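Read the structure below first, then the notes.
The values are calculated or read from the model by the stated rules, or taken from the named source; none is laboratory data. All values reported here derive from a predicted model rather than from experimental measurement. Here Cβ is always computed from backbone atoms with ideal geometry, including for glycine, and neighbour counts include all displayed protein chains.
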Amino acid sequence: MKLQKLIFQAGLALCCCYSACSQGPAKENNIKIIKEVPVKNKNSYYNNVALFLAGMKTDTVSPFNNLVNKYQWIGYSKSFDSIWKKVEEKSLLKIKNWSDTELADVNNQTKTLFYPFSGPDFLYATKLFPKANKYILFGLEKTGSVPDMKKLNDKTISGLFVSINKALEEILNSSFFITKQMSSELNNQDIDGVLPVIMLFMARTGNTVKDIRNANIGIDGKVIVADTFIVYKGANRYGKGVEISFSAPDNDTTIKKLYYFSADLTDQALLQNTGCKVYLQNLDTNVTTLIKSASYLLHNSLFTYVRNTILNKSKAVLQDDSGIAYHFFDKSKWNFQLYGTYEKPIQVFSYCYQKDLNAAYNGGSKAFNFKYGYGKGLNMLLAKKVINK
C-alpha cells in the first residue's frame, strides 16, 4: 500500500504539469495596478479589443482602426480565419450538433455552469452549454488584464500575435490547455494572463463583450467588483479574477456573466483561502458542472472538498474520465449516460485506470464524433442527479 501511495503521489506531481489548474508554489508576490479605460464608450472599447485579438474586423468607431490596417494584423487575421475554419469543421460544429441533441434537456435547465480546472476554456463551455446565464471558471493561471492598445506598434503587435498563437496551440489542436506551457505564454509583456484568451473566444463564438470588471472573492465568500484592474501575481492571485458581461449571438439584450477566478483548489489551500471555500459552499444550488482534461486530480483525497462540492451542488455533471472517479458517484442518486469507448489513460496517468468504469462501458454506450480530453479523447460521462434522492 505504501508503494502504491508513493506511485500515486509521483503521478499526481506529473499531473500538475498538465492540469488546467495545476498546483505549484508561487514565487512572485508583487502586484501591478492598471488604470482602466475611460468610462465613455467603455463597452464598445472592450468588444473591439476582443474582435482585434480574434483577428476580426473592429467596428467603424473603433479608436484603433489604424491597427487593423497594419500588415501584421492582416496576416494574423487571414491565418486565424483559416485555423478557425478547420477547428469549426473538425470539432466545434460537431460539438454544437451533439449538444443540441444529447444535452437539450440539461441545457434548458442550466442557469449556472461551473467549470473547475478550466483555465481560459470558454470555448468548450459555451459550445456545450450555450444557454447558461452564468459561467464560473476556475484555473491556477492569473487573470491578467485587457491589453493596452495604445502600446501597440509595429514591433509589439507582432509579439502579441506570437503569444496568442502559442497560447492557443494546444486547445485548438488537442482540445485542452497544458498549464505549464500556457503559464509561460500568458505571463509576458504582451499578454499577462488568461483574460485576452477568454475575450478572443467570446468574439470568435459570436458573443459581444459588454463590460469587463475586476472581481475578487472576499473573506465572506462574496464577489467584490471594481473598475480598476489589479494584476496579482504569486499566491496573491488566488481568489482574484474578472467579471465579464456579454451577450449571445442571437440575443443582444440579455446580459450574461462570466467569472474567472485564479485558485488553488486543494483542501490544504482552501483552509488558508477561506473566502474561496465559502464561495464554493455558497454556489448556486443545482449548477451544471463541466470537467475536461482535469489531470485526474479529483480522483485524489487532496481535492475532497471541491469534489464533494460538485457532487452536492450539481444537478448534472459532464466529464471525461479525468474528472470525478466513477466510484465516488452514489449510484442510487445519479443516472448515467456513457459516450464513446473507455481505454486506459495516457501513460502519465496510467495509474488512474478505473475498472468499475470499464465494466460500466461494457454494458453499452453511445457514440460521439469529436475529441474530448486527453489522448484520443474517446470517452464522456453525463451524470444526472435523480430527483428526490
Inset, instruction - Considering only residues that are out of contact with any helix residue (DSSP H, G or I) (no Cβ under 7 Å at 6 or more places or on another chain) and touching a residue at least 60 places away in the same chain (Cβ under 8 Å), look in segment 44-54 and name the one that is surrounded by the most Cβ atoms within 10 Å (Cβ to Cβ). - result: Asn47
Legend entry - Residue ID - nearest to the chain's Cα centre (by Cα), chosen from residues in segment 298-319 that are of a type outside the set (Phe, Trp, Tyr) and within 24 Å of Gln347 (Cβ to Cβ): Gln319
Inset, instruction - State whether the residues of segment 271-292 include one that is within 19 Å of Leu103 (Cα to Cα), among the basic types (Lys, Arg) and assigned to a helix (DSSP H, G or I). - result: no
Inset, instruction - Inspect segment 290-297 for any residue being touching a helix residue (DSSP H, G or I) at 6+ places or on another chain (Cβ under 8 Å), of a type in the set (Ser, Thr, Tyr), on the phi < 0 side of the Ramachandran plot and surrounded by 24 or more Cβ atoms within 10 Å (Cβ to Cβ) and give the result as yes or no. - result: no
Inset, instruction - Considering only residues that are over 21 Å from the mean Cα position of the chain (by Cα) and farther than 18 Å from Asp284 by Cα, look in segment 220-240 and name the one that is modelled with the highest pLDDT. - result: Ala226
Inset, instruction - Give segment 324-350 a look and list any residue that's touching a residue at least 40 places away in the same chain (Cβ under 8 Å) and under 18 Å from Trp98 (Cβ atoms), or say none. - result: Phe336, Gln337, Leu338, Tyr339, Gly340
Inset, instruction - Identify all residues within segment 328-374 that are part of a helix (DSSP H, G or I) and either farther than 16 Å from Leu298 by Cβ or within 25 Å of the chain's Cα centre (by Cα) (or both); write none if there are none. - result: Phe328, Gln347, Val348, Phe349, Ser350, Cys352, Lys355, Asn358, Ala359, Ala360, Tyr361, Asn362
Inset, instruction - Report, ordered by the first and then the second residue, all pairs with beta carbons closer than 6 Å, sequence separation of six or more or different chains, a first member in segment 191-213 that is farther than 17 Å from Leu152 by Cβ, and a second member that is of a type in the set (S, T, N, Q) and not in a helix (DSSP H, G or I). - result: Gly193/Thr143; Thr208/Ser247; Lys210/Ser245; Asp211/Ser245
Legend entry - Which listed residue, of Lys32, Lys57, is modelled with pLDDT under 85, surrounded by fewer than 18 Cβ atoms within 10 Å (Cβ to Cβ) and not acidic (Asp, Glu): Lys32
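Taking the condition of being hydrophobic (A, V, I, L, M, F, W, C) and in contact with a strand residue (DSSP E or B) (Cβ under 7 Å, 6 or more places away or on another chain), how many residues in segment 299-323 meet it?
Taking segment 299-323 as the starting set, the residues that turn out to be hydrophobic (A, V, I, L, M, F, W, C) are 302-303, 306, 310-311, 316-318.
Cutting the leftovers down to in contact with a strand residue (DSSP E or B) (Cβ under 7 Å, 6 or more places away or on another chain) gives us 310, 316-318.
Selection size over segment 299-323: 4.
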Legend entry - Selection from segment 217-267 of residues that are in a helix (DSSP H, G or I) and touching a residue at least 60 places away in the same chain (Cβ under 8 Å): Gly234, Ala235, Asn236, Arg237
Legend entry - Test: Thr274 is surrounded by fewer than 16 Cβ atoms within 10 Å (Cβ to Cβ) and among the hydroxyl-bearing types (Ser, Thr, Tyr): yes
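Okay, residues lined up against (1) of a type in the set (Asp, Glu); (2) touching an Asp or Glu at 6+ places or on another chain (Cβ under 6 Å); (3) in contact (Cβ under 8 Å) with a residue 12 or more places away in the chain; (4) surrounded by fewer than 23 Cβ atoms within 10 Å (Cβ to Cβ):
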site: Glu102; (1), (2), (3), (4): yes, no, yes, yes
site: Gln109; (1), (2), (3), (4): no, no, yes, yes
site: Pro120; (1), (2), (3), (4): no, no, yes, no
site: Leu128; (1), (2), (3), (4): no, no, yes, no
site: Lys131; (1), (2), (3), (4): no, no, yes, yes
site: Thr143; (1), (2), (3), (4): no, no, yes, no
site: Asp154; (1), (2), (3), (4): yes, no, yes, yes
site: Phe161; (1), (2), (3), (4): no, no, yes, yes
site: Lys166; (1), (2), (3), (4): no, yes, yes, yes
Inset, instruction - Go through the residues of segment 305-313 one by one and say whether even a single one is touching an Asp or Glu at 6+ places or on another chain (Cβ under 9 Å), hydrophobic (A, V, I, L, M, F, W, C), surrounded by 23 or more Cβ atoms within 10 Å (Cβ to Cβ) and part of a helix (DSSP H, G or I). - result: yes
Inset, instruction - For segment 247-297, name all the residues that are more than 20 Å from the chain's Cα centre (by Cα), within 20 Å of Tyr232 (Cβ to Cβ) and β-branched (Val, Ile, Thr). - result: Thr274, Val278
Inset, instruction - Considering (1) surrounded by fewer than 17 Cβ atoms within 10 Å (Cβ to Cβ); (2) within 16 Å of Glu102 (Cβ to Cβ); (3) modelled with pLDDT under 95; (4) not polar (S, T, N, Q), say which one Leu378 fails and leave the rest. - result: (1)
